[in-house]
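Visitor: I'd like to ask you about the structure that follows.
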Amino acid sequence: MQGALAMGTLSILPEAKSLANPVSLKKPILTIAHITDVHIHGQNNVPEVAKRCLQETLKHKVDFILNGGDSIMDASYDNVTREMVTEQWAIWDNFIKQANVEVYSCVGNHDPWWKAPSKTDEMYGIPYVVKRLHMPHRYYTFNRKGWHFFILDGNNKGTTLDPEQMEWLKTSLANLSPNTPVVLMSHFPMLSVTNSWAGGQHGDYKELKALFYKHKDKVKACFSGHQHLLDRVEYNGVNYFLNGAMSGFWWGKGDKQSAGPYFYEETPPGYAIVKLFADGAVENEYFPLSLDI
């Protein structure tokens with residue numbers, strides 16, 4: 001499957017990398033796109049290339065999109081101005097408006113503008129990101145076809161859930177009926193292979209691991225980004241899927257560690273298609289994208 005781009009090309013690589021549980025030919029009850037680390041900006045034809053990436057994603061006829069954060073290139077560095085933040089969010093709005101399905105987002109570490117003139121500025125910090133991504137709260141939950149979803153905010157000291165959020169998660173999981181299948185998403189990996197050499201993961205992973213074991217009849221999978229890398233960990237019956245970045249090497253050609261153009265180390269730019277089944281099974285397939293910007 002290939003698509004032509006004005007001023008560039010984009011195609012699905014011949015073999016999609018699959019990080020999935022073996023699942024029978026039964027039909028999923030939900031098909032979801034997991035995109036993360038889009039890091040959109042206005043240079044080098046990136047807005048048009050990103051739009052075509054999203055169009056490729058939507059060809060899978062997904063029920064909705066999980067957006068894993070770092071939606072804009074960056075608002076967190078010291079030299080970022082109000083105009084730069086405003087421009088990036090306007091480009092994001094133009095990008096995501098073509099989605100013909102609901103989009104459920106979480107906050108990435110590069111999304112908030114911490115250098116606003118004051119903490120009372122309407123664009124300061126996470127509340128402005130929540131507003132721009134049309135999130136109901138910085139962390140929240142929703143249900144679809146019997147599956148329960150938790151969207152988390154790890155943008156706290158030590159890359160953790162703050163006490164209020166952790167208590168909310170514990171109470172919410174406890175209040176769910178036994179065997180309710182649960183998916184969680186955070187920008188940061190809750191458990192990963194690659195955190196030892198890139199990016200990092202939740203600092204409260206031990207507490208989360210214990211909580212998920214307590215509710216092992218419910219918690220089925222956790223999804224994340226942040227690393228721009230692709231890995232999967234299965235522990236205590238929970239699959240931790242870390243999917244690669246749609247932007248790959250931040251829409252750049254790469255460096256000496258890149259295994260191919262636009263790769264971050266060995267991971268190409270791409271997106272994942274997630275299939276959820278009535279019996280609680282989860283399938284995650286990563287579709288690499290070949291970019292020429």
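Visitor: Of the conditions (1) part of a strand (DSSP E or B); (2) β-branched (V, I, T); (3) surrounded by 18 or more Cβ atoms within 10 Å (Cβ to Cβ), V103 satisfies every one except a single condition; which number is it?
Guide: It is condition (3) that V103 fails.
Visitor: Going through the range 32-76 one residue at a time, which ones are assigned to a loop (DSSP other than H, G, I, E, B) and under 19 Å from Q227 (Cβ atoms)?
Guide: Hits for the range 32-76 are T36, D37, V38, H39, G68, G69, D70, S71, M73, D74, S76.
Visitor: Which numbered condition in (1) assigned to a loop (DSSP other than H, G, I, E, B); (2) farther than 20 Å from H187 by Cβ; (3) in contact (Cβ under 8 Å) with a residue 24 or more places away in the chain is the only one that N94 fails?
Guide: (1)
Visitor: Just one of the numbered conditions (1) over 30 Å from N44 (Cα atoms); (2) touching a residue at least 60 places away in the same chain (Cβ under 8 Å) is not true of P268; which one?
Guide: Failing condition for P268: (1).
Visitor: Within the range 58-73, can you find the residues that are over 26 Å from Y128 (Cβ atoms) and either over 17 Å from the mean Cα position of the chain (by Cα) or touching a residue at least 60 places away in the same chain (Cβ under 8 Å) (or both)?
Guide: Matches in the range 58-73: K59, H60, K61, V62, D63.
Visitor: Contact list please: Cβ distance under 9 Å, first residue in the range 125-147 and farther than 30 Å from G280 by Cβ, second residue assigned to a helix (DSSP H, G or I) and hydroxyl-bearing (S, T, Y), pairs at least six apart or on different chains.
Guide: So the pair list comes out empty.
Visitor: Here is a follow-up. Answer yes or no: is there a residue in the range 203-224 that is under 22 Å from Y264 (Cα atoms), part of a loop (DSSP other than H, G, I, E, B) and in contact with a Gly (Cβ under 6 Å, 6 or more places away or on another chain).
Guide: Within the range 203-224, not a single residue is under 22 Å from Y264 (Cα atoms), part of a loop (DSSP other than H, G, I, E, B) and in contact with a Gly (Cβ under 6 Å, 6 or more places away or on another chain).
Visitor: Let me ask something else. Quick check on the range 219-235. Is at least one of its residues within 27 Å of R138 (Cβ to Cβ), of a type in the set (A, V, I, L, M, F, W, C) and at pLDDT below 95?
Guide: No, the range 219-235 contains no residue that is within 27 Å of R138 (Cβ to Cβ), of a type in the set (A, V, I, L, M, F, W, C) and at pLDDT below 95.
Visitor: In the range 209-222, is there at least one residue being within 14 Å of the chain's Cα centre (by Cα) and in contact (Cβ under 8 Å) with a residue 60 or more places away in the chain?
Guide: Yes: the range 209-222 contains one or more residues that are within 14 Å of the chain's Cα centre (by Cα) and in contact (Cβ under 8 Å) with a residue 60 or more places away in the chain.
Visitor: Only one residue in D121, D111 is surrounded by 14 or more Cβ atoms within 10 Å (Cβ to Cβ), modelled with pLDDT of 95 or more, of a type in the set (D, E) and closer than 19 Å to N79 by Cα. Which one?
Guide: The unique qualifying residue is D111.
Visitor: Within the range 176-192, does at least one residue satisfy the condition of being part of a loop (DSSP other than H, G, I, E, B), under 15 Å from the mean Cα position of the chain (by Cα) and farther than 23 Å from F64 by Cβ?
Guide: Looking for residues that are part of a loop (DSSP other than H, G, I, E, B), under 15 Å from the mean Cα position of the chain (by Cα) and farther than 23 Å from F64 by Cβ, one finds at least one in the range 176-192, hence yes.
Visitor: Given the criteria crowded, with 23+ Cβ neighbours inside 10 Å, touching a helix residue (DSSP H, G or I) at 6+ places or on another chain (Cβ under 6 Å) and within 20 Å of H34 (Cβ to Cβ), does V219 qualify?
Guide: Yes; evaluated as a whole, the condition is true for this residue.
The values are calculated or read from the model by the stated rules, or taken from the named source; none is laboratory data. All figures in this text were calculated on a predicted structure; none of them were measured in a lab. Positions of Cβ are backbone-derived with ideal geometry, glycine not excepted, and every protein chain shown enters the neighbour counts.
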